[in-house]
Amino acid sequence: MRASGAPRMRPMRPPARKVVTGRRTGALTGYHPSRKMGASVPFESLLELDALVLLEVDWKVVQFATQPVTFQWRDAGRARRYTPDLLVVTALSRTFREVKPARRLARDPTLRGRRERIEAECAALGADFEVWTDKDIKREPRLSNSRAVLSEGRRVGDAWAEQRVRAVLPHCATVGEAAWAGGLPPVRALRAAMRLAARGEVGLDLDLALGASTRILAGGASR
């Protein structure tokens, strides 16, 4: 992490190595249409796809990319290389992430003896490194809520309800408060807030069931 504050924002480059898409043995690959990135982002497993869903609706995430860079070095005369699965950029940090099932990480916690060097390579770029396992990615109800937000974001919008929610955000901490202040039924206000979240206009607390008590974490006034 950069001690001096927010990292410099740079356009995301194409993947550092070729991403294999289409069905293959043991994995489902393809492209995730990202509104946040303005492009289709490739994934190489269902777990990676779930990770992209979380990043897409996480209001703290400004940018993300798959297969962002390949590190190369020599170890005792042997050529070594490593390509992280993800680069995640927030207002305060840059983090390279490996996406891996927890059972595989338990069998190989050093990433074939490369982890220490990988962490050093990331640090040299002013970034952190971490492994994101299925236990992190598939935590509920966050994952289901994130999927629901993206699904709602693809629906035909309710412009008036969205405008009412947007107008009262600086004064409201929950969807229920926004519904009351905006003169909307709670369900209509929730769906409007979800569409705003899908577009990155607000952040919602996705760690609890979605409803009138859902906290609004970002948008409007500084929170």
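The values are calculated or read from the model by the stated rules, or taken from the named source; none is laboratory data. On a predicted model such as this, the values are computed, not experimentally measured, just so you know. Positions of Cβ are generated from backbone atoms using ideal geometry, with glycine treated the same way; all protein chains shown enter the neighbour counts.
Looking at Leu111, is it at pLDDT 95 or above, of a type outside the set (Val, Ile, Thr) and within 16 Å of the chain's Cα centre (by Cα)? Please lay out each step first, then the result.
Details: at pLDDT 95 or above: yes; of a type outside the set (Val, Ile, Thr): yes; within 16 Å of the chain's Cα centre (by Cα): no.
No: the conditions fail for Leu111.
Residue-by-condition table, conditions (1) closer than 19 Å to Leu52 by Cβ; (2) surrounded by fewer than 11 Cβ atoms within 10 Å (Cβ to Cβ):
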position	(1), (2)
Arg78	no, yes
Leu87	yes, no
Phe96	yes, no
Lys100	yes, no
Arg103	no, yes
Arg107	no, yes
Glu116	no, yes
Ala123	no, no
Phe129	yes, no
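The helices (runs of 4 or more DSSP H) falling completely within the stretch 56-148 that include 2 or more residues that are closer than 30 Å to Leu196 by Cβ and touching a strand residue (DSSP E or B) at 6+ places or on another chain (Cβ under 9 Å) map to 134-137. Of everything listed in (1) touching a strand residue (DSSP E or B) at 6+ places or on another chain (Cβ under 8 Å); (2) of a type in the set (Gly, Ala, Ser); (3) over 29 Å from Met37 (Cβ atoms), the single unmet condition for Ala181 is (1). Summed over the stretch 161-187, the residues that are within 26 Å of the chain's Cα centre (by Cα) and more than 17 Å from Leu217 (Cβ to Cβ) give a count of 3.
Pairs are defined by a Cβ separation below 8 Å, a sequence spacing of at least 6 or placement on different chains, a first member in the stretch 165-177 that is in the same structural domain as Arg199 (by TED's automatic domain parsing), and a second member that is assigned to a strand (DSSP E or B) and surrounded by 18 or more Cβ atoms within 10 Å (Cβ to Cβ); the pairs so defined are Leu169/Ile216; Cys172/Ile216; Ala173/Ile216; Thr174/Ile216; Val175/Leu204; Val175/Ile216. Taking the stated definitions as given, is Leu184 on the phi < 0 side of the Ramachandran plot, outside any helix (DSSP H, G or I) and buried (at least 19 other Cβ atoms within 10 Å of the Cβ)? So Leu184 fits the description; yes. For the stretch 33-55, the tally of residues that are in a helix (DSSP H, G or I) and basic (Lys, Arg) stands at 0. Among the residues of the stretch 188-209, just one is in a loop (DSSP other than H, G, I, E, B) and more than 18 Å from the chain's Cα centre (by Cα), namely Ala209. Within the set Thr95, Thr66, the sole residue that is farther than 16 Å from Thr133 by Cβ, modelled with pLDDT of 95 or more and assigned by TED's automatic domain parsing to the domain that holds Ala127 turns out to be Thr66.
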